Amino acid sequence: MWSTAAEPALAAAEPQPAAPAPVSLASLHRGQRARVVEVRLPQGIHGHDTNLVLRLLEIGFVPDERVRIVAHGPGGGEPLAVRVGGTMFALRRHEAEHILVQPL
Amino acid sequence: MSAAALAEGDRRVALLGNPNCGKTALFNLLTGSRQKVANYAGVTVERKEGLATSPAGRRYRVLDLPGAYSLNADSADEEVTRDVILGHLKGEQLPEVLVCVTDATNLRLNLRLVLEVRRLGLPMLLALNMSDVAARRGIEIDLPQLSQRLGVPVVPTVGVHRGGADPLLAALDAMPATIPAPAPPWHPPTLAEITETHRQVREILRVCVREPEVDRRFDERIDRVVMHPQVGMAILAIVLFLMFQAVYAWAEAPMGWIEAGTAWLGEAVGATLADGPLRSLLVDGVIAGVGGVLVFLPQIVILFAFILALEDSGYLPRAAFLLDHAMGKVGLSGRSFIPLLSSFACAIPGIMATRVIANWRDRLATILIAPLMTCSARLPVYALLIGAFIPERTVAGVFNLQGLVLFALYLAGILGAVLVAFVLKRTVGRGLHHPLMMELPTWRLPNLRNLALGLLERVKIFIRRVGGIILSLTIIVWALATFPAPPADATGPAIDYSYAGMLGHAITPLFAPIGFGWEICIALIPGMAAREVAVGALGTVYALQGGDEAVAAQLGPIIAGQWSLATALSLLAWYVFAPQCLSTLAVVKRETQSWRYPLLMAGYLFAMAYLASLLTYQIARSLGAG
C-alpha cells in the first residue's frame, strides 16, 4: 500500500561512544534538547502501565525523536511541557519517567 | 439514531481525527446550525450529528466522532470513536464514508492515526485541515503523491473559512456508493507495530511534504510568560478574576430583567384570573418556574463564552497545566479548576462546564464536589442569618465579625470539597495513577462562528434537557406548598396545612437534634426549588407580607427573637453542605446519564450537612448558646 523502503533504523541507534548516558526525560532542565532512546516501564515501579507506554509511543515519543522541555509547572517542576515532533504535551513526572532520553 | 431532520436516504459520513485538529470547526462549517447534539446510548459521551449539503445538492449525515489519538482507546471518548468505526457500538450504524481530519501543520502526529484507520479498509477520505495555516508557514504537501501513497483521496480544507469544506464535499460526491461492511477484527497494536507505523509516517512525510524549519518564536515567547510558574499564575489569577467579575457584573442586569419580566407577567396574568388554584398554578408554579429556568441563562452564556474562547485560543489547557499539581494533590486534575470556580456563581453552569475534563473519573469527582462551592443563591440565606445573629463588631482591629463568619462559611465549603475529593481518591480512585498527557495546542485566535455555535449548543442543552426538569420540580414544590388548601377557620399560615407543612412537621423530630424547629423544617421544603426561596418561605411561615426585601427585613428581628444562636449557626452549617437545590441534582442526572450519581450526591451531602449541623448545634449549646 505504501512504500516500506528501508530507512535508517528507527529502533534506538547505537549509543555514540562520547554521548552521555541516557537519563529520564523528567530529569532534563528547561530548554534542554534531547533525543528519545526508548519508552519503557521505569524500574521498581508497579508493572501495569503497558497502556501508558503504548500511548506515549502513539503521541510521538518514539526512538530517535527530538524532545525539548518548554516549561515546568509550578509544583516543584511538575507537570512538564515537552515539545516532541512539532507538538507540545503536558506530562506529569510519572509519565516522563517512562521516557529515556539522551541529552544533546 | 433517528434524527427527525435527517432523512434515512442520506449518506452517512463520520469525521474522525486527533484532538485539536480543527475537526469541530470543519463540522460546524459543513453543517452550520443544522446539528443535533445528544449522547451515545448508555455513555456520557456527546454525540454530534448534522446535515451537510454539497454544492451539487447531495445530502450527507455527518457524525462528528470524539477526538482520538488512537484506536487503542484510553478514554470513554476514544472508546466511542473506535466502536463506531468498528461497528461495535449498539444502536449506531456503520458510517459509509470515514473522513480522517488532520491538522496539515502537524501531520507527523496526525498521520499515525490515519495509517491505523487505513488498515481497517473502510471507504475513506483524508482531509488536510488548516491547510491555509500550513500554506502560510510554507509547508508544501504533494497531494497526488500523498493520495497515491495512502490509497485514499486527499483534499485540503479550511475549517474556519466560508467555502473551506467545498473540496471535501466535492470529493464525497465523487466517492462511489458502497454498502458498509464491518471492519476486519481489530487488535490493540503492539509496541513494535506502533514504532513501525511511525517509521511509515516519517517515510511518507519525507516523500510528500516539504516543511521549512518551523518558526515557533511567536508561540514560545507567549508560552515563556503564560506558563511561567509565578508570572503565569499571576496572569491566570487576573484572567479568572476578570472572567468571574464579568459573570457577576454582566449577568446581573439581564438576570434582573428576567426576574422583573417574570414578576410583571405573573401580575398581568394574575390580574386577569380569579383567585384560585388555576391562578396560583400559572403565577406561582408555571411562570415562576419558567423564570427560575431562564434566570440561569445570563450566567451560563457569559461563563461559556469565556470558557469556549479560552479553550479555542489554547489558553485553557495551559491554565490546566499551571494548576495540575495543586489539584492533583486531592486527586483532581488541572481541568477541574474552572468548573469548580464557576460553581461559586452557580453549580449548574459549573457542572455543565465539567465537559472540558476528558477523564471520566476526574469529571465525576469534580461534579460530585461542585455543590460544595458556595453558590450565590446561598447568600440571601447567609445574609439573613448573619444579619440577625452575628453582631457587627470589629475583630483584631481590622476584621468585621460578620465578614469573618461569611468567609468561614465559604472556607467550610472548600474544605469539605477537599475532604470529599480526597476520600474519592482513596476509595474509587485507589491505586490508579492517571496520567495527564494533555496536548498544549498552538495558540490561535478564537473563531467567532465556532464560538457562537458552541454557545447556542450549550443554551439549547440547558433549556431542553435541564429546563424541563427544573420547571417540573418547581411546579411539584409549588403543589406541595399549596395543597390542600387551609380550612375556612384556619388560624396558622396557609402553608402549615399543605403537604409541605405536613412533611415539615413530620420531619421535625428528625431535625430536633440539630436545633431546627417546625418553621425551619417547613421552609426547607420549598427551599428545595432554589436555596434563596427558603427566605421567602420563612416569611410565609411567619405570616409576613410584602416583597422579598421587605420580608427579609422583617424576618431578621423575628428570628433573632425566637431562635437561639445555636439554631442559627446550625442552619448556616446546614446550608454550607445540604443539597438544598433540586436543579443541581437534575443537572447531575443529565450530565451523568444516570440516577446513581445524583442520589449518591444527595446522600453524601445530606449526611455531611446533618453531621455538621449536629456538631455545630451541640457544641454551641454546650458553650451556652442554646
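Mind counting the residues in region B:575-615 that are free of Cβ contacts under 8 Å to residues at least 24 places away in the same chain, out of contact with any Pro (no Cβ under 8 Å at 6 or more places or on another chain) and surrounded by fewer than 21 Cβ atoms within 10 Å (Cβ to Cβ)? Spell out the reasoning first.
Of the residues in region B:575-615, the ones free of Cβ contacts under 8 Å to residues at least 24 places away in the same chain are B:585, B:594-596, B:598-599, B:602-603, B:607, B:611.
When the remaining residues are screened for being out of contact with any Pro (no Cβ under 8 Å at 6 or more places or on another chain), the result is B:594-596, B:598-599, B:603, B:607, B:611.
Within this subset, residues satisfying the condition of being surrounded by fewer than 21 Cβ atoms within 10 Å (Cβ to Cβ) are B:594-596, B:599, B:603, B:607, B:611.
Matching residues across region B:575-615 total 7.
I'd like to know if region B:449-470 contains one or more residues that are closer than 27 Å to B:Tyr604 by Cβ, away from chain A (no Cβ under 14 Å), exposed (fewer than 14 other Cβ atoms within 10 Å of the Cβ) and at pLDDT 80 or above.
no
Test of understanding: among B:Pro441, B:Pro487, which residue is loosely packed, with under 13 Cβ neighbours inside 10 Å and either out of contact with any Cys (no Cβ under 6 Å at 6 or more places or on another chain) or at negative phi (or both)? Don't jump to the end; show me each part of the working.
Numbers: B:Pro441 fails: loosely packed, with under 13 Cβ neighbours inside 10 Å.
That would be B:Pro487, the only listed residue that is loosely packed, with under 13 Cβ neighbours inside 10 Å and either out of contact with any Cys (no Cβ under 6 Å at 6 or more places or on another chain) or at negative phi (or both).
Give the residue that is modelled with the highest pLDDT, with candidates limited to residues of region B:499-508 that are surrounded by fewer than 23 Cβ atoms within 10 Å (Cβ to Cβ) and either at positive phi or not hydrophobic (A, V, I, L, M, F, W, C) (or both).
Taking region B:499-508 first, the residues surrounded by fewer than 23 Cβ atoms within 10 Å (Cβ to Cβ) are B:499, B:502-503, B:505-508.
With either at positive phi or not hydrophobic (A, V, I, L, M, F, W, C) (or both) added as a condition, the list becomes B:499, B:505, B:508.
On the way: B:Tyr499: 88, B:His505: 88, B:Thr508: 91.
Looking at residues that are surrounded by fewer than 23 Cβ atoms within 10 Å (Cβ to Cβ) and either at positive phi or not hydrophobic (A, V, I, L, M, F, W, C) (or both), I get B:Thr508.
In region B:102-127, how many residues are farther than 21 Å from A:Val84 by Cα and touching a residue at least 24 places away in the same chain (Cβ under 8 Å)? Let's see the steps before the verdict.
First pass over region B:102-127, keeping only residues farther than 21 Å from A:Val84 by Cα: B:117-127.
Narrowing the set further to residues that are touching a residue at least 24 places away in the same chain (Cβ under 8 Å) leaves B:117-118, B:120-127.
Counting residues in region B:102-127 that are farther than 21 Å from A:Val84 by Cα and touching a residue at least 24 places away in the same chain (Cβ under 8 Å) gives 10.
Does B:Arg224 qualify as being under 34 Å from the mean Cα position of the chain (by Cα), modelled with pLDDT under 85 and within 9 Å of chain A (Cβ to nearest Cβ)?
No: the conditions fail for B:Arg224.
Quick check on region B:113-121. Is at least one of its residues of a type in the set (Asp, Glu) and under 32 Å from the mean Cα position of the chain (by Cα)?
Checking region B:113-121: not a single residue is of a type in the set (Asp, Glu) and under 32 Å from the mean Cα position of the chain (by Cα).
Among the residues of region B:339-362, write down those that are under 27 Å from B:Leu379 (Cα atoms) and free of Cβ contacts under 8 Å to residues at least 60 places away in the same chain.
If the condition is that a residue be under 27 Å from B:Leu379 (Cα atoms) and free of Cβ contacts under 8 Å to residues at least 60 places away in the same chain, then B:Pro339, B:Ser343, B:Cys346, B:Pro349, B:Gly350, B:Ala353 are the ones that fit.
Please return the ranges of helices (runs of 4 or more DSSP H) entirely within region B:67-184 where 1 or more residues are of a type outside the set (Gly, Ala, Ser) and more than 14 Å from every other protein chain (Cβ to nearest Cβ).
Correct list: B:76-86, B:131-136, B:143-150, B:166-174.
Tell me, yes or no, whether region B:172-182 has at least one residue that is closer than 30 Å to B:Gly57 by Cα and touching a Gly at 6+ places or on another chain (Cβ under 7 Å).
Looking for residues that are closer than 30 Å to B:Gly57 by Cα and touching a Gly at 6+ places or on another chain (Cβ under 7 Å), one finds at least one in region B:172-182, hence yes.
Just to be sure, is B:Gly232 surrounded by fewer than 16 Cβ atoms within 10 Å (Cβ to Cβ) and of a type in the set (Gly, Ala, Ser)? Walk me through it before giving the result.
Working: surrounded by fewer than 16 Cβ atoms within 10 Å (Cβ to Cβ): no; of a type in the set (Gly, Ala, Ser): yes.
So B:Gly232 fails the test.
Checking B:Leu384 against (1) assigned by TED's automatic domain parsing to the domain that holds B:Gln580; (2) assigned to a loop (DSSP other than H, G, I, E, B), only one condition comes out false. Which one?
Here B:Leu384 clears every test but (2).
With the condition kept exactly as written, say whether any residue in region B:430-444 is within 14 Å of chain A (Cβ to nearest Cβ), of a type in the set (Gly, Ala, Ser) and more than 30 Å from B:Leu294 (Cα to Cα).
There is at least one residue in region B:430-444 that is within 14 Å of chain A (Cβ to nearest Cβ), of a type in the set (Gly, Ala, Ser) and more than 30 Å from B:Leu294 (Cα to Cα).
What number of residues within region B:120-137 satisfy the criterion of being more than 15 Å from B:Arg108 (Cα to Cα), surrounded by 15 or more Cβ atoms within 10 Å (Cβ to Cβ) and small (Gly, Ala, Ser)?
Residues meeting the conditions: 1.
Would you be able to tell me the number of residues in region B:138-160 that are in contact (Cβ under 8 Å) with a residue 12 or more places away in the chain and either exposed (fewer than 15 other Cβ atoms within 10 Å of the Cβ) or among the aliphatic types (A, V, I, L, M) (or both)?
Of the residues in that region, 15 qualify.
Assuming B:Val37 fulfils every condition listed in (1) closer than 16 Å to B:Ala452 by Cα; (2) at pLDDT 90 or above; (3) part of a strand (DSSP E or B) apart from one, which condition is it?
(2)
For the structure I just gave you, tell me whether B:Asp324 is in contact with a helix residue (DSSP H, G or I) (Cβ under 8 Å, 6 or more places away or on another chain), at pLDDT 85 or above and of a type in the set (Asp, Glu).
yes
When only residues in region B:40-61 that are of a type in the set (A, V, I, L, M, F, W, C) and closer than 19 Å to B:Asn450 by Cα count, which is farthest from the chain's Cα centre (by Cα)?
Out of the qualifying residues, it is B:Ala52.
Which of the residues spanning region A:46-76 are without any contact (Cβ under 8 Å) to a residue 40 or more places away in the chain and among the small types (Gly, Ala, Ser)?
Listed by number, the residues that qualify are A:Gly47, A:Gly60, A:Gly73, A:Gly75, A:Gly76.
Residues checked against (1) touching a helix residue (DSSP H, G or I) at 6+ places or on another chain (Cβ under 9 Å); (2) without any contact (Cβ under 8 Å) to a residue 60 or more places away in the chain:
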| position | (1), (2) |
| --- | --- |
| B:Arg393 | yes, yes |
| B:Val398 | no, yes |
| B:Leu404 | no, yes |
| B:Gly413 | yes, no |
| B:Ala421 | yes, no |
| B:Leu424 | yes, no |
| B:His434 | yes, no |
| B:Thr442 | yes, no |
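Mind listing just one residue for me: the one in region B:164-189 that is small (Gly, Ala, Ser) and out of contact with any Leu (no Cβ under 9 Å at 6 or more places or on another chain) and, of those, nearest to B:Arg210 (Cα to Cα)?
Taking region B:164-189 and keeping what is small (Gly, Ala, Ser), we get B:164-165, B:170-171, B:174, B:177, B:181, B:183.
Now drop any that are not out of contact with any Leu (no Cβ under 9 Å at 6 or more places or on another chain), which leaves B:170, B:174, B:177.
Working: B:Ala170: 26, B:Ala174: 28, B:Ala177: 34 Å.
Of everything passing the filter in region B:164-189, B:Ala170 is nearest to B:Arg210 (Cα to Cα).
Counting only residues that are within 26 Å of B:Phe296 (Cα to Cα) and in a loop (DSSP other than H, G, I, E, B), which one in region B:314-346 is farthest from the other protein chains (Cβ to nearest Cβ)?
Taking the candidates together, the pick is B:Cys346.
Could you look through region B:509-543, keep only residues that are touching a Gly at 6+ places or on another chain (Cβ under 9 Å) and in a loop (DSSP other than H, G, I, E, B), and pick out the one that is modelled with the lowest pLDDT?
Only one residue fits best here, namely B:Ala543.
Yes or no: B:Glu549 in a helix (DSSP H, G or I), of a type in the set (Asp, Glu), modelled with pLDDT under 90 and crowded, with 18+ Cβ neighbours inside 10 Å?
For B:Glu549, the condition - in a helix (DSSP H, G or I), of a type in the set (Asp, Glu), modelled with pLDDT under 90 and crowded, with 18+ Cβ neighbours inside 10 Å - is not met.
The values are calculated or read from the model by the stated rules, or taken from the named source; none is laboratory data. Please read all numbers here as calculations on a predicted model, not as lab measurements. Note: ideal-geometry Cβ built from the backbone for every residue, glycine included; neighbour counts use all protein chains shown.
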